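The values are calculated or read from the model by the stated rules, or taken from the named source; none is laboratory data. Since the model is a prediction, treat every value here as computed from it, not as a measurement. A quick note on method: Cβ atoms are made from the backbone with ideal geometry, for glycine too, and the neighbour counts reach across all protein chains shown.
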Amino acid sequence: MATQEEIDFIRRLPKAELHVHIEGTLEPELMFKLAERNKIEIPYKSVEEVRAAYQFSNLQDFLDIYYAGAGILQKEQGFYDLAAEYFEHAAADGVVDSRIFFDPQTHTDRGISYDAVIQGLVRAAHDAAEKFDITFSYVHSFLRHLTEEAAFESLAMAEPYLDDKDFYRIVGVGLDSSEVGNPPKKFARVIAKAVEMDLEENSIHAAEEGPPKYVRQALKILKPKKADRKSKTLKPIIIDHGNRAMEDPALVASLREDGVVLTVCPLSNLKLRVVTDISKHPIRKMLDAGLKATINSDDPAYFGGYIVDNFVVLLDADEIDLRDCVTLARNSIEASNMGHNRKMHYLDVLQEMEDSLPLRPVAGAGGQAPRLQS
Ligand SMILES: [Zn+2]
């Protein structure tokens, strides 16, 4: 088990969280509070009952409670409270930059205005930025079980908020919800349209459950065209999850070559049975293959932990050591869109923290991987 000293070390590592769904940060206490405030009936009598309902056993059970939870978000203030609570958790876990997905269709399809959603989320983010010195950006996600046409309509709703980049910080689009049967290419045109609208920091959930070929499709969609590559500062290509890419060696080679960032979510993978056991998690193979893996919480209220818990579950299983934790944090800071000076500062902090660790034993000479005893 990780010692308290090790957990504290991980908490102190400056980290960027690149993959978190704001609707997935709804804790049972807030769900109950908002249901009371908005006078919405939910089939639970207490916070404990809501918490018990969060113990789902498969993807469909999860999606059912996830959408039911999102249904109690009615007003701007609810979205504010949701995001404010997330930032509290993130800051306590050493997150210095958050790239947050939100699902407008989950709300606008039940009559909530896009404005209420974005104003609440963004106001909370600015307050958190001031309070915790955390930077943020938002990614407008499309529900991939719906049509591409619906995604186009949703994207149009974002348009009035794109001019004020400094305030709203909507930087890209993403694809989430049920992956299998809804391949990336289904949304190729709407993502191209987003790029035309200057939304360039896009990413696609791929090969979480779906086949490696979904990653190939996603790369084709996300790779900047040759002309753009020359004229603009290159942003990293981001694939959300990417677990099953490891089944395809040629694909792994091209992910390494292009420096593609993978936003990996261990507790999510465990809870949704993407891996049957944490010792079977692909993170070790990703790191050994030199891929730019990062650690993220996905839907922390539902999957049993925020970002530090996601590092700790891997450390506990001896899948990673503390030097790997530094590498994973470094990958996240490098991939984030924070300003140059801020980035350099945190990379220096990470270097100092890495230098403070015991060295890895030489292969064959025995000894323990870098761990801290308390
Ligand atoms: Zn996700």
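In contact (Cβ under 8 Å) with a residue 60 or more places away in the chain, in contact with a Ser or Thr (Cβ under 8 Å, 6 or more places away or on another chain) and either within 14 Å of the ligand (Cβ to nearest atom) or farther than 21 Å from Val139 by Cα (or both) - does that describe any residue in region 189-203?
So far as region 189-203 goes, yes, one or more of its residues are in contact (Cβ under 8 Å) with a residue 60 or more places away in the chain, in contact with a Ser or Thr (Cβ under 8 Å, 6 or more places away or on another chain) and either within 14 Å of the ligand (Cβ to nearest atom) or farther than 21 Å from Val139 by Cα (or both).
When Asp248 is tested against (1) of a type in the set (Asp, Glu); (2) within 14 Å of the ligand (Cβ to nearest atom); (3) closer than 17 Å to Lys292 by Cα, just one condition goes unmet, and that condition is (2).
One line per residue, one yes/no per condition, for (1) of a type in the set (Phe, Trp, Tyr); (2) modelled with pLDDT of 95 or more; (3) part of a helix (DSSP H, G or I); (4) within 13 Å of the ligand (Cβ to nearest atom):
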residue	(1), (2), (3), (4)
Leu262	no, yes, no, yes
Arg273	no, no, no, no
Thr276	no, no, no, no
Met286	no, yes, yes, no
Ala293	no, yes, no, no
Tyr302	yes, no, yes, yes
Gly305	no, yes, no, no
Val308	no, yes, yes, no
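Here region 1-23 is the region considered, the condition is being among the aliphatic types (A, V, I, L, M) and out of contact with any Ser or Thr (no Cβ under 7 Å at 6 or more places or on another chain), and the residue that is surrounded by the fewest Cβ atoms within 10 Å (Cβ to Cβ) is Met1.
Of Ser254, Ser297, all but one fail to be touching a residue at least 24 places away in the same chain (Cβ under 8 Å), hydroxyl-bearing (Ser, Thr, Tyr) and surrounded by fewer than 24 Cβ atoms within 10 Å (Cβ to Cβ); the exception is Ser254. Among the residues making up region 1-47, those that are among the small types (Gly, Ala, Ser) and within 16 Å of the ligand (Cβ to nearest atom) are Ala16, Gly24. The requirement of being surrounded by 20 or more Cβ atoms within 10 Å (Cβ to Cβ) and aliphatic (A, V, I, L, M) is satisfied by Leu26.
The C-beta contact set for region 32-50 (first residue loosely packed, with under 14 Cβ neighbours inside 10 Å, second residue at pLDDT 90 or above, distance under 7 angstrom, 6+ apart or interchain) comprises Ile40/Ile72. Residues in region 217-227 that are surrounded by fewer than 18 Cβ atoms within 10 Å (Cβ to Cβ) and either closer than 11 Å to Lys185 by Cα or modelled with pLDDT of 90 or more (or both): 2 in all.
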